Structure formats: structure tokens, C-alpha cells
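Here's the structure we're looking at; comments come further down.
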Amino acid sequence: MEIDSISNRGRWVPGFSRTIDGEIVSDEAIKTILFDLAEEYPRYGYKKLTVLLKSLFGIKINKKKVYRLCKEMDLLLPVERHYGSEQSLIAFKKVAVNEPNNHWQMDITYVTLFQKIIFVLGIIDTYTLEIVGYKAGFS
């Protein structure tokens, strides 16, 4: 039975993909190519492997199918989570202010005035909300 004679109402036949030239490639052949690519590029995930299949071999394939094939072959890389460092959390720590001049905050603002950029740096006391000092100048 020919693969082209099997019709699934316009949907591609499961278990096969096509190249740009229209040639049929089985999933088993794609798995061997994926295994070779994963050995050559061990840090590549399924999305980059999809790009390699398309560019090097001319296979029309979806990244979801490559994900499924990589999952069947146990080629998926572990997901790396990137968390913020502890130091970045210290900057947003809440501080209890009980008296004036105990905690100050700074803010810098850039203002365009007469086609020139001017910066304004303000220092504010967080207890009384008064401006302790400021500096303005050209940047």
C-alpha cells in the first residue's frame, strides 16, 4: 500500500514527514538523524534540533513532533531554572524607619529642556518625606 494513497482528510499520515522536495521520510529515519545530531550537539534542545533538521536536511517538521521524538528517545535536556541572586532581593527589603535621618532614598530623573537633557538627582528622607538634597546638571 502506498503512503500517498492513505487519506486522512488532508492531514499528513502519522509516522512520516516530508522534505522540501516532497520525499517521504519515516519517523525512524528522523530518529536516527536526531540521535546523530544530539551526539554532535549535546547542549542543543529540541527547538534548535528542529532548526537543524530543517536547514541541514530540508525536512518539513514541527517543533512539537521533534519534542515528541526526542522524548521517546530520552534526548530531552533537563530544564534549567534561573533564579535571581540573593543580593538583588536585598535592594527591595522593607526597612522599618522610626526616626528622621535614619533612612534616605535617592531618585534620578532625566528631563528634556530646550533640546538639552538635564538630570535631577533628589535625596529624600523616608520618615519625614522631605527633600534632603538635590543636584541638577547636564548629562
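A compact table of results
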| quantity | calculated |
| --- | --- |
| Cβ-based charge dipole, the stretch 16-72, positive-most Cα from ALA38, VAL51, SER17 | VAL51 |
| For VAL25, net neighbour charge (Lys/Arg +1, Asp/Glu -1) across residues whose Cβ lies under 10 Å away | -1 |
| At q = 0.17, 0.19, 0.30 Å⁻¹, base-10 log of I(q)/I(0) for the stretch 96-138 (Debye sum, equal scatterers on each alpha carbon) | -0.51, -0.58, -0.95 |
| Under 23 Å from the Cα of LYS64 - lysines, other chains or at least 8 residues apart | LYS31, LYS47, LYS48, LYS54 |
| Normalised convex hull volume, the stretch 16-72, alpha-carbon set, Å³ per residue | 67 Å³ |
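Read the figures in this text as sums done on the coordinates, not as results from a lab. Everything quoted here is computed from the prediction, not taken from an experiment. Ideal geometry is used to build each Cβ from the backbone, glycine not excepted, and the neighbour counts take in all protein chains shown.
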